[in-house]
């Protein structure tokens, strides 16, 4: 077997507090937060003189995790526009299963989230949408019907 599991997805952010609040409102649990620096991280990510703060969040089922990193040095760079469309190359979104898509949208809007398109029905199986949150992060929401 090549892999055991997917451990986490890293998202580099410019406002760690706002992004943590966004994902906690979504239903994730903050596992920990703290500074990351030193030669070991420089060797892993290939950037010298790195100093960052990292937060790890876990999904309620305990299986999925998102790692948020805010770089103090060197300053983070933007590789694309903040409102890049869904057909932009690279990782575009992380999808979450939710119980009530309208309730989640209402709560996330209080954290500045905006719908990318609209809530759409996929047959009689799902309600789906994309939401743009802090720093342009896009998350997908999927509510299973029946």
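Kindly establish whether residue 111 is under 29 Å from residue 49 (Cα atoms) and either at pLDDT 90 or above or under 19 Å from the mean Cα position of the chain (by Cα) (or both). Against the criterion (under 29 Å from residue 49 (Cα atoms) and either at pLDDT 90 or above or under 19 Å from the mean Cα position of the chain (by Cα) (or both)), residue 111 does not qualify. The requirement of being outside the structural domain of residue 132 (by TED's automatic domain parsing) and surrounded by fewer than 14 Cβ atoms within 10 Å (Cβ to Cβ) is satisfied by residue 44.
Scanning segment 69-88 for any residue that is out of contact with any helix residue (DSSP H, G or I) (no Cβ under 7 Å at 6 or more places or on another chain), surrounded by fewer than 11 Cβ atoms within 10 Å (Cβ to Cβ) and on the phi > 0 side of the Ramachandran plot turns up nothing.
Against the test of being touching a strand residue (DSSP E or B) at 6+ places or on another chain (Cβ under 8 Å), free of Cβ contacts under 8 Å to residues at least 40 places away in the same chain, assigned to a loop (DSSP other than H, G, I, E, B) and not assigned by TED's automatic domain parsing to the domain that holds residue 138, the options 14, 61, 83, 49 yield a single qualifying residue, 49. Count of segment 12-43 residues, restricted to those that are over 21 Å from residue 107 (Cα atoms) and within 14 Å of the chain's Cα centre (by Cα), is 2.
The values are calculated or read from the model by the stated rules, or taken from the named source; none is laboratory data. None of these values were measured; they are calculated from a predicted model. So basically every Cβ, Gly included, is an ideal-geometry build from the backbone, and we count neighbours across all protein chains shown.
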